[in-house]
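Single-structure report; data block below.
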Amino acid sequence: MAERRVKVGSSVGLHARPANLFCKAAGQQPAKVTIAAGDRGPVDARSILSVLGLGVASGEEVVLTSSDDAAGETSLDALAELLATDLDAVPS
């Protein structure tokens, strides 16, 4: 299993809009990715309800995990980069 640890850059954490953008991006990845925060999760990164249920705050570290292959590594890199940005500042 490959993993990435990243601090959430969105000023409101993974709520509504940022979570929606993250889940859509996760759904477009070639590999399945899970996300966990502290002792919460892991949950499917493609599931908006599951991601919202984690209650991730701004600046909180999350752990993204995927299978240990090239597609998993690529997916983790893309999603980690996305989470590190302020998704509320990204135009629709």
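The values are calculated or read from the model by the stated rules, or taken from the named source; none is laboratory data. These numbers come from a predicted model, not from an experiment. Please note: Cβ atoms are built from the backbone with ideal geometry, for glycine as well, and neighbour counts cover all protein chains shown. These area figures cover heavy atoms from the full protein model, side chains too; ligands, DNA and RNA do not enter into them. Shrake-Rupley method; radii C 1.70, N 1.55, O 1.52, S 1.80 Å.
A few notes on this one:
- Percent RCO, i.e. relative contact order, over the chain, from Cα pairs under 8 Å lying at least 6 residues apart: 45 percent
- Helix 16-27 axis versus longest C-alpha principal axis of the chain: approximately 20°, rounded to the nearest ten.
- For residue 11, distant residues with modelled amide H under 5 Å away: 87, 88
- Mean shadow area of the chain over all directions, Cα convex hull, nm²: 4.9 nm²
- Once the Cα atoms are used to define both axes, helix 70-84 deviates from the longest principal axis of the chain by about 10 degrees.
- Structure remark: mean-square fluctuation, Gaussian network model of the chain, C-alpha springs under 10 Å; the largest value among 30, 18, 42 belongs to 30.
- With every protein chain in place, the chain: carbon and sulfur % of accessible area (1.4 Å): 54 percent
- Distance between modelled label sites at residue 5 and residue 24, nm, 7 Å Cα→Cβ extension: 3.1 nm
- Karplus-derived HN-Hα couplings along the stretch 38-48 (A = 6.51, B = -1.76, C = 1.60, θ = phi - 60°), whole Hz, x at Gly and Pro: x, 9, 9, x, x, 10, 5, 5, 7, 9, 4
- Only the Cβ atoms of Lys and Arg (+1) and of Asp and Glu (-1) were treated as charged; on that basis the dipole of the chain about its Cα centre amounts to roughly 280 debye.
- Largest accessible area first, the residues 77, 39 order themselves as 39, 77 under a 1.4 Å probe with ligands, DNA and RNA left out.
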